[in-house]
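Computed from the coordinates by the stated procedures, all read-outs in this text should not be read as laboratory data. Please read these numbers as outputs of a predicted model, since none were measured by experiment. Cβ placement follows ideal geometry from the backbone for every residue including glycine, while neighbour counts extend to all protein chains displayed.
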Amino acid sequence: MQLARVTGSVVATQKSPSLTGKKLLLIRRVTPEAPWQADQTQREEVAVDSVGAGEGELVLVTGGSSARHVFSGANEAIDLAIVAIVDTVSR
Amino acid sequence: MQLARVTGSVVATQKSPSLTGKKLLLIRRVTPEAPWQADQTQREEVAVDSVGAGEGELVLVTGGSSARHVFSGANEAIDLAIVAIVDTVSR
Amino acid sequence: MQLARVTGSVVATQKSPSLTGKKLLLIRRVTPEAPWQADQTQREEVAVDSVGAGEGELVLVTGGSSARHVFSGANEAIDLAIVAIVDTVSR
Amino acid sequence: MQLARVTGSVVATQKSPSLTGKKLLLIRRVTPEAPWQADQTQREEVAVDSVGAGEGELVLVTGGSSARHVFSGANEAIDLAIVAIVDTVSR
Amino acid sequence: MQLARVTGSVVATQKSPSLTGKKLLLIRRVTPEAPWQADQTQREEVAVDSVGAGEGELVLVTGGSSARHVFSGANEAIDLAIVAIVDTVSR
């Protein structure tokens, strides 16, 4: 899974039915170094939220078919999902 | 999912049957910064449209097996699909 | 799907049975700009042809499990397939 | 599979049920050269441990649907797993 | 599939059962230009051999779920497999 920061949200009326009723959050992957802030050189991506994440939070995102499997029911269009809100990162 | 701009379209006569009757749109991923214009340093890619997207629009694209699952019926050759037209991106 | 140019072909005697009888073509992804020539900075890759593509042609390649699904019968070792020969790209 | 070093661990209370009871380890991919230390230019990622790996160890990580399949039972949110602790790398 | 050179091998005692009895080879992807030597700027990766490849040989590697499908029986931890030894590359 990838570490990312939630940076906003996206609204789309015309979309795949499997995205209906789902929270589309804007995320940005983090810098290689603590404290894992959003890496401004990285393009923002859109992930479907599965844990109630809020703006600015450090989250785990999963991709590909795993992202789809996180959601039971209609899920076909999903290839990126937020699957955890990080409490602590320790070294 | 990835944010991209529709930049054109592609026609191919000789193709996998699963691409027949499908709209093949040229897309380019966006720059890391608002207002999310097409990033000219990025190679253009070809996505199958599932929501009636038009040239210049800001869209969400999904990849891999999820892109295939967006289309019922013959879909095997698809690994990139447009799954939403973005209305707003808010921070 | 990705835009690429066919740049050659590969012969391998010792290989997965699922590659037997299949045309292994050398491809190189294209530059970000028209007229979509092969991008010499990109590593060449090997795709299984499904549409009779020839050297120099502009083609669409699909990757991952979708590439496998393009071929009925033995297909397990395939993760990149040529699925269309491009006639026109319009903007 | 990819060579990586374990660099820490992550705790998340709010998460996909399929991550409950699983060890979430922080990993960093290695440099191109021996002795395969963590490559500081690479973003840290989070992998689910399946072999009891400890901090600093050189491990193999697998990604995508394969990472999911490593874990029987609830596994949907997993797209990166540690699947071996490396004893020796020989050339 | 990707062109790569076999550069060594890896031994791991503590590993996923699906890697037991399998040859874990160190590979490096090749340079963009003939004669396709190992590209020293690329990180080495670990692929499961399915064709009896030897050190220094030019091989084809396949990734993702396709790599898993190359091996019948226990295969879950595999996301990279050597599927051919290249005889010739012609342009």
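Tabulated values for the structure
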quantity	calculated
9 Å beta-carbon shell around residue C:1, net charge (K/R +1, D/E -1)	-2
Partner lysines for residue B:15 [C-alpha distance under 27 Å; skip if fewer than 8 residues away on the same chain]	A:15, B:23, C:15, C:22, C:23
Charge sum, other residues only, whose C-beta stays under 11 Å from residue A:44's C-beta, Lys/Arg counted +1 and Asp/Glu -1	+3
Averaged over E:34-42, number of beta-carbon atoms from partner chains that fall within 10 Å	1
Cα pair distances of region E:5-80 binned at 10 Å [whole percent]	19, 50, 26, 5
Förster radius 41 Å - calculated FRET efficiency between residue E:11 and residue B:23 (Cβ-Cβ, nearest 0.05)	0.20
Local electrostatic count, residue C:76, Cβ distance below 13 Å [Lys/Arg +1, Asp/Glu -1]	+3
Dipole magnitude of chain A, debye to nearest 20 (Cβ charges: Lys/Arg +1, Asp/Glu -1, about Cα centre)	120
Helix-only [θ]222 nm of the protein assembly as shown, DSSP H runs n ≥ 4, -39500 (n - 2.57) each, per residue, nearest 500	-1500 deg cm²/dmol
Separation of alpha-carbon centers, region A:13-61 and region B:30-51, rounded to whole Å	18
Dipole magnitude of the protein assembly as shown, debye to nearest 20 (Cβ charges: Lys/Arg +1, Asp/Glu -1, about Cα centre)	380
Phi-based couplings in Hz for region C:84-90 (Karplus 6.51, -1.76, 1.60; Gly and Pro marked x)	6, 9, 7, 7, 9, 10, 10
FRET efficiency, residue C:91 to residue E:91 (Cβ-Cβ, R0 25 Å, nearest 0.05)	0.25
Table column - 3J(HN,Hα) (Hz), region B:43-58, Karplus curve with 6.51, -1.76, 1.60, x for Gly and Pro	5, 6, 10, 10, 10, 7, 7, 10, 9, x, 6, x, 4, x, 6, 8
From phi via Karplus (6.51, -1.76, 1.60), per-residue ³J(HN,Hα) for region A:60-68 in Hz, x at Gly/Pro	9, 10, 10, x, x, 5, 4, 4, 5
Neighbouring partner chain Cβ atoms per residue of A:2-11, average, 10 Å criterion	4
Using a 7 Å Cα-to-Cβ projection, residue E:90 label spacings across copies, nm, ascending	3.9, 3.9, 6.2, 6.2
Average beta-carbon neighbours from other chains, 10 Å sphere, peptide D:54-63	4
FRET efficiency, residue A:40 to residue A:72 (Cβ-Cβ, R0 35 Å, nearest 0.05)	0.50
Taking region C:2-85 and dividing mean pair separation by its residue count, relative contact order in percent (alpha carbons under 8 Å, at least six apart)	33
Counting DSSP beta bridges with both ends in the protein assembly as shown, the antiparallel % (nearest 5)	90
